[in-house]
Structures are given as structure tokens and as C-alpha cells.
Amino acid sequence: MVTGYGDDTSVFVSVENLADNINYSVNMGQVKNCFRLVGGDDLMTAAIQSCNPNGSAYIWQFSKDMRDDMSDELDNKITQYDEKYAYYQKDKIYSLSANLLSRYNNIVNKYKGENNNLTAIPTSIKGYP
């Protein structure tokens, strides 16, 4: 059997017998929850970054409880970011260069017989596919 460090003194440690007063405080402007994504190699990590709308390997997620603990200013900024993100994902109309689009679609049409997965791109795209 492996025990922890030190000797077992059978002394129970709790708030009542450890301290007279414990204060809990949070720096509301510094509350974060972040995931850093790393692929199996540098190429996969770069692929993750290219798919992430913020261009980094980090994904931020804030629960309602965390948002309630934040300052109003920080919460408003996150809300603005979320709204802008949703707009670019679903509603923004992306207009593509007619010349580049035509050249790309010509290549797609040339090789479409060999690969059925190739599809031409329309002149404008709504949202981020």
C-alpha cells in the first residue's frame, strides 16, 4: 500500500478547525476558460488554426455562471464578439473576385469527371461553410 506524504496523525482538517475566517475573492476581469488545441504534428496544429475563426489554436468557452461573475464591461465585450461571430458564420455575404472565381471553376469543370466531389463555387456565399 502506498500512502501519501508525511505521517497519518488522524487529525481532521476542516474550515472550523483550520481557520477563524476564510475570504473568497475573484478578479472578475480575469476569469477565463480556454482550450488549446494541438494536433499530432505541426501540420495538423496549423490545420486546426486555419479552421478556427480567431486564427489561433485557442477555443474560449464561458458558462453563464462565469459570465455572471465577470464585470459588465467584459461580459458586454464577449456578447459583442459572439454576435459578430454568429453574423460571419451565418449571415455575411462573401463576394469573391470574378476573375479568380472563373479560373477556379474552370479547373473544377475540367476535372469534375475524374472526381465527383469537386463542385463549382457560386459568385457569392452566405455564411462561412
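Here are the numbers for the structure shown:
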read-out: Where Arg36, Arg67 fall by accessible area, highest first, once all protein chains stay in place (1.4 Å); value: Arg36, Arg67
read-out: Cα-based reach from Lys92 at 28 Å (exclusive), listing lysines while leaving out same-chain residues under 8 positions away; value: Lys64, Lys77, Lys84, Lys126
read-out: Stretchable slack from Leu101 to Glu73, in nm (0.36 nm times residue separation minus alpha-carbon distance); value: 5.9 nm
read-out: Distance in nm between pseudo-label sites at Arg36 and Tyr128 (7 Å out along the Cβ direction from Cα); value: 2.2
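The values are calculated or read from the model by the stated rules, or taken from the named source; none is laboratory data. Just so we're clear, the structure is a prediction, and the values are computed from it rather than from any experiment. Methodologically, a virtual Cβ is constructed for each residue, glycine included, from the backbone with ideal geometry; neighbour enumeration extends over all protein chains shown. Surface accessibility is based on the protein's heavy atoms, side chains included, excluding ligands, DNA and RNA. Shrake-Rupley method; radii C 1.70, N 1.55, O 1.52, S 1.80 Å.
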